[in-house]
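One structure is given here, and the rest of the page talks about it.
Values in this text are rule-based calculations from the coordinates and carry no lab data. Here the structure is a predicted model, which means the values were calculated and not measured. Every residue, glycine among them, receives a Cβ derived from its backbone with ideal geometry; neighbour counts consider all protein chains shown.
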Amino acid sequence: MKYKLPFILLLSLLSVIAPALAEDISYSVDRIWGDGSRHCAFTSLIKWKGNYYCAFREGFNHVFNEKGEADGIIRIITSPDGNKWESCAVLTDKGYDLRDPKLSETPDGRLMLNFGRLLYRNQQLVSLETQVCFSKNGKDFSKPHTIVITPKDSVSGLWLWRVTWHEGTGYGVNYAERGGNNVLQLVCTEDGINYHKLKTFDVKDSPNEATVRFTADNRMLIFVRRDGGSRSTILLSSLPPYTDWQQRDLGFHCGGPDALALPDGRILLSGRSEHIPRRATNAIYTLSIDGRVTESMVLPSSGDCSYPSLLVVGDTLWVTYYSTHATNKPSIYLARIPLKYFKVYY
């Protein structure tokens, strides 16, 4: 489906309204999986060996099925061009809820999938671990490994939500829910299974899901969702050797965040936005490294939605996400938007 609408600028951090732009956005959004009969959510998109792959959780509902059991499986679909998609792999683990799959490519060229493995009893979470598996063809995956962190950490329930590879090393952020004093740790890996803890961050107000990205000058950026206090997203940043960190409050909530640092200095951030009263949507923000923020657009979305994944294809931004705006249960969508429309205006 083709869409055309004016740019919507973000209320600035000083709560002033920027002028509307005369320029229009022409972009497309297509439903690539889901007919409303199954709950499809939490996307990850990658181009690997010439094809596109999208991973997501599929189940009866957000967590529990009609019997009160957590039944999440992971489905991976593939396409040569983004137009026609087919299922290429399904991961299941009877009795466990598998969720939030994240795809990446290892330095030796394998497709890597990390995900959460959750066990419930009487609809109460009793255990959580992060697992990882690998594929050489995009269809057959190795037996899952539970990740190992050294020095050995006594914190239970740590979830490594996403791994980002940079110059041969994988980086990610572990988190564990502890009320308002959640644990938030930066870790790194050489093989995707064994991780070394680099730093524990002091971030208040229930930090959790975090995405690591790198700028052209090797600055590490970490976008951290928060669910306490103001609920506003935190941006952590540091130059090598990643020991001196700056912390910036972006001033808005961004759930299930994904981000990209473009070579020209623009930073794109997308996730679940809740600044529109009583309405959840999937928004895309454009940031500059000096802290300027513009809400560039809101994708067609509502209700149970978001958890996008961003990929640059030529001069276009591809975004997969899930939403209930057109189906009874969430479906998976692919938006394709020209990169030229993402600008920082103040």
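Tell me the GluC sites (Glu not before Pro) within the range 54-161 that lie in a loop according to DSSP and have at most 11 other beta-carbon atoms within 10 Å. Within the range 54-161, the qualifying GluC sites (Glu not before Pro) (loop, at most 11 other Cβ atoms within 10 Å) are Glu66.
Exceedance of the 22 Å cut-off in Cα-Cα distance is limited, within the set Lys47/Lys343; Lys47/Lys329; Lys84/Lys139; Lys67/Lys329; Lys199/Lys343; Lys136/Lys199, to Lys47/Lys343; Lys47/Lys329; Lys199/Lys343; Lys136/Lys199.
Within straight-line reach of Lys197, meaning a Cα separation under 16 Å, sit the following lysines at least 8 residues removed in sequence or on another chain: Lys152.
Judged by the ratio a/c of the largest to the smallest principal axis of the C-alpha gyration tensor, the range 71-118 counts as oblate, that ratio being 1.5 or greater while a/b is no larger than b/c. When DSSP beta bridges are restricted to pairs lying wholly in the chain, around 95% turn out antiparallel. To one decimal place, what Kirkwood hydrodynamic radius in Å is obtained for the range 89-159 from all pairs of distinct Cα atoms? After inverting the pairwise mean of 1/r, the radius is 13.3 Å.
Taking a ≥ b ≥ c as the square roots of the eigenvalues of the Cα gyration tensor, the range 123-242 is classed as oblate, since a/c reaches at least 1.5 and a/b does not exceed b/c. Give the shape of the range 32-181 as rounded, prolate or oblate, defined through the alpha-carbon gyration tensor: a ≥ b ≥ c are the square roots of its eigenvalues, a/c under 1.5 means rounded, and otherwise the shape is prolate if a/b is larger than b/c and oblate if not. It is oblate, given that a/c is not under 1.5 and a/b is not larger than b/c.
Applying a DSSP loop filter and a limit of 12 other Cβ atoms within 10 Å to the trypsin sites (Lys or Arg not before Pro) in the range 34-73 leaves Lys49, Lys67.
With the alpha-carbon atoms of the range 229-331 aligned to their principal axes, the span from lowest to highest coordinate is 48, 39, 21 Å, starting with the largest.
GNM remark for the chain: springs join alpha carbons under 10 Å apart, and the peak mean-square fluctuation among Gly172, Gly303, Gly255 falls on Gly303. For the chain, the spread of Cα positions along the three principal axes, ordered from largest to smallest, is 53, 47, 40 Å.
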